[in-house]
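Worksheet for the structure shown next.
The values are calculated or read from the model by the stated rules, or taken from the named source; none is laboratory data. Every value quoted in this text rests on a predicted model; they were computed, and no experiment measured them. Here Cβ is always computed from backbone atoms with ideal geometry, including for glycine, and neighbour counts include all displayed protein chains. Protein only, heavy atoms only, side chains kept; ligands, DNA and RNA dropped before computing areas. Shrake-Rupley method; radii C 1.70, N 1.55, O 1.52, S 1.80 Å.
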Amino acid sequence: MSEVIVITSGKGGVGKTTTTANLGVGLAMRGKKVVLVDTDTGLRNLDLLLGLENRIMYDLIDVTEGRVHFKKALVRHKKYESLFLLPTSQVKDKSAVNPEQLVRLCNDLRQEFDYVLIDCPAGIEQGFQTAIAAADWALVVTMPEISAVRDADKIIGELGRADKENIKLVVNRIRPQMVEKGDMLDMDDINDILSIECIGQIPDDEKVVTSTNRGEPVISLDDSQAGQAYRNVVGRICGEDIPFMTFPKESFFQRLRHALGM
Amino acid sequence: MMSEDIVKLKGTKTGLQISFAPGVTFQAIEKNIKRKLESGSGFFMRGTVVEIAPNLLRHADWERLRVLFRRHGIVFRMSKPSVDKPADSLLEEAAKKKKKAREREVEQMVVVDRTLRGGQEIRTESSVLVCGNVNPGAQIIAGGSIDIRGTCRGLVHAGAFGNSKAFIIADRLMPMQIRIANFIARSPDQPETSDKAERASIKDGQIVIEPIER
């Protein structure tokens, strides 16, 4: 019943952690019991995005090395009762956890939660191999940018080699105006190369930055386009059939307002 | 018992032949192999073929080892059982078989029924048929010709061992580079598109690309 999903990308900075945080909050908003596992040991960020840094007592390494039970390391979200974070260590490095340990941990977490989301580190080295080991399926995050798409392609190949054939795509930070002008890869270009099922198209939105700094994921904001797009992804993960958003063209007045900085 | 003795590896023409000390449990074997693989000593290179004599393991155990090796990018398979033959004809036989196998491989075609993604490589002496795309960053190096039923954006090298009659066909031929035998052509800096399948071959000492019907 419960699902273990790894969120990965290959390239850094495309929004893996942001996506993990938003999907976690989104699933929790629907009443699902969710745990987010940060496997980016040494470069942990997920706790910041959720505003939970000051509540961390134990971390992933303490759990995998058997010092504490995982329940002691879980941090409950202050607003969403059914959302938990399993943070990782900021002082150790990726070699501190191995794939077998994470598989065992995820099997324990499965008993308690509806969704286990694993935030994967960038790269294709050991940290990546560890993060994907336990996953039922993978969510690849990319950006409409040639290097991000190239790395996503590589990651899909690596996932295939590890027998993870169920892979879905989220394209982050789309700028509709640039796509329209032909200055940015559009969805057809991306699908042409990656040819995997796309379940999310997230527009670039300033609110993502401001909400990240506040530690409150953008998905909880009603007036944000990115938030709406993330809510749609959550719906699709839950099996709903939701059409993709269309981005309205900017009217003359909106353009004028933008130009005047209003 | 020394741990080195549990698993024995012997080099063969195709890769490595694995065998086990008599009377060792499968758990010990698996643990030993796992340690070797994870030691990262580079002893097992990705793409290495490890062979095992048939009937040495139970099927379930065999499958476990296969998955373990595969995770490290190593091919694990059963070796062909050798038939007892008089010694003098054995050598001759082997030479003949080797020649035949080589000929067969050259004639044969390697069929890849998936998309080749960035970083993946096909290297063979025979021809290659890809039912899927060849993405940027992927490579095909073939002794014979290459036929791609899809879009080719990667690097393709046909006739890599000197066959200048080899050719490359793709539904959409837009690779980074085309190499045939010892000729190289790179893609134009301004990409041009064609709706037709195209064929690249060597004519008058250079690589030419022409549309074809199929």
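Among the residues of the range A:159-181, those that are surrounded by fewer than 21 Cβ atoms within 10 Å (Cβ to Cβ) and part of a helix (DSSP H, G or I) comprise A:160, A:161, A:176, A:177, A:178, A:179, A:180, A:181. Scanning the range A:218-237 for residues that are assigned to a loop (DSSP other than H, G, I, E, B) and out of contact with any Gly (no Cβ under 8 Å at 6 or more places or on another chain), we see that the one that is surrounded by the most Cβ atoms within 10 Å (Cβ to Cβ) is A:224.
Whether any residue in the range A:58-66 is open to solvent by less than 60 Å² (accessible area, probe 1.4 Å), charged (D, E, K, R) and farther than 26 Å from residue A:157 by Cβ is what I want to check. Yes: the range A:58-66 contains one or more residues that are open to solvent by less than 60 Å² (accessible area, probe 1.4 Å), charged (D, E, K, R) and farther than 26 Å from residue A:157 by Cβ. Looking only at residues that are within 20 Å of residue A:89 (Cα to Cα) and of a type in the set (A, V, I, L, M) in the range A:1-44, which one is most open to solvent (accessible area, probe 1.4 Å)? So, considering only residues that are within 20 Å of residue A:89 (Cα to Cα) and of a type in the set (A, V, I, L, M), the one most open to solvent (accessible area, probe 1.4 Å) is A:43. Selection over the range A:190-223 of residues that are under 17 Å from residue A:169 (Cβ atoms) and among the hydrophobic types (A, V, I, L, M, F, W, C) gives a count of 7.
Residue count for the range A:81-138 satisfying the condition of being in a loop (DSSP other than H, G, I, E, B) and of a type in the set (Lys, Arg): 1. Among residues of the range A:1-30 that are without any contact (Cβ under 8 Å) to a residue 60 or more places away in the chain, those with a beta-carbon under 6 Å from a residue that is open to solvent by 30 Å² or more (accessible area, probe 1.4 Å) at least six positions away or on a different chain give the pairs A:28/A:80.
Which count do you get for residues in the range B:114-138 that are among the charged types (D, E, K, R) and away from chain A (no Cβ under 11 Å)?
As a first pass, look at the range B:114-138 and keep what is among the charged types (D, E, K, R): B:114, B:117, B:121, B:123, B:125.
Among the residues that remain, those that are also away from chain A (no Cβ under 11 Å) are: B:123, B:125.
Total satisfying the criteria: 2.
Of the numbered criteria (1) out of contact with any helix residue (DSSP H, G or I) (no Cβ under 7 Å at 6 or more places or on another chain); (2) at pLDDT 75 or above, the one residue B:34 fails is (1). The set of residues from the range B:145-165 being more than 14 Å from every other protein chain (Cβ to nearest Cβ), part of a loop (DSSP other than H, G, I, E, B) and open to solvent by less than 10 Å² (accessible area, probe 1.4 Å) comprises just one member, B:159.
Among the residues of the range B:18-33, the one identified as of a type in the set (D, E, K, R) and either open to solvent by less than 30 Å² (accessible area, probe 1.4 Å) or on the phi > 0 side of the Ramachandran plot (or both) is B:30.
Condition check for residue B:72 on (1) at pLDDT 80 or above; (2) under 30 Å from residue B:148 (Cα atoms): one failure, at (1). On inspection, residue B:24 fails the criterion of being at pLDDT 80 or above, over 30 Å from residue B:136 (Cβ atoms) and either outside any loop (DSSP other than H, G, I, E, B) or in contact with an Asp or Glu (Cβ under 6 Å, 6 or more places away or on another chain) (or both).
The set of residues in the range B:37-62 being within 21 Å of the chain's Cα centre (by Cα) and open to solvent by 40 Å² or more (accessible area, probe 1.4 Å) consists of B:42, B:43, B:45, B:46, B:47. Residues in the range A:159-170 that are within 9 Å of chain B (Cβ to nearest Cβ) and under 16 Å from residue A:134 (Cβ atoms): A:162, A:163.
Is there a residue in the range A:122-135 that is within 30 Å of residue A:182 (Cβ to Cβ) and hydrophobic (A, V, I, L, M, F, W, C)? So far as the range A:122-135 goes, yes, one or more of its residues are within 30 Å of residue A:182 (Cβ to Cβ) and hydrophobic (A, V, I, L, M, F, W, C). Applying the condition of being touching a residue at least 24 places away in the same chain (Cβ under 8 Å) and not β-branched (Val, Ile, Thr) to the range A:190-214 and asking which residue is nearest to the other protein chains (Cβ to nearest Cβ) yields A:194. For the range A:106-158, the tally of residues that are within 13 Å of another protein chain (Cβ to nearest Cβ), crowded, with 24+ Cβ neighbours inside 10 Å and of a type outside the set (Val, Ile, Thr) stands at 4.
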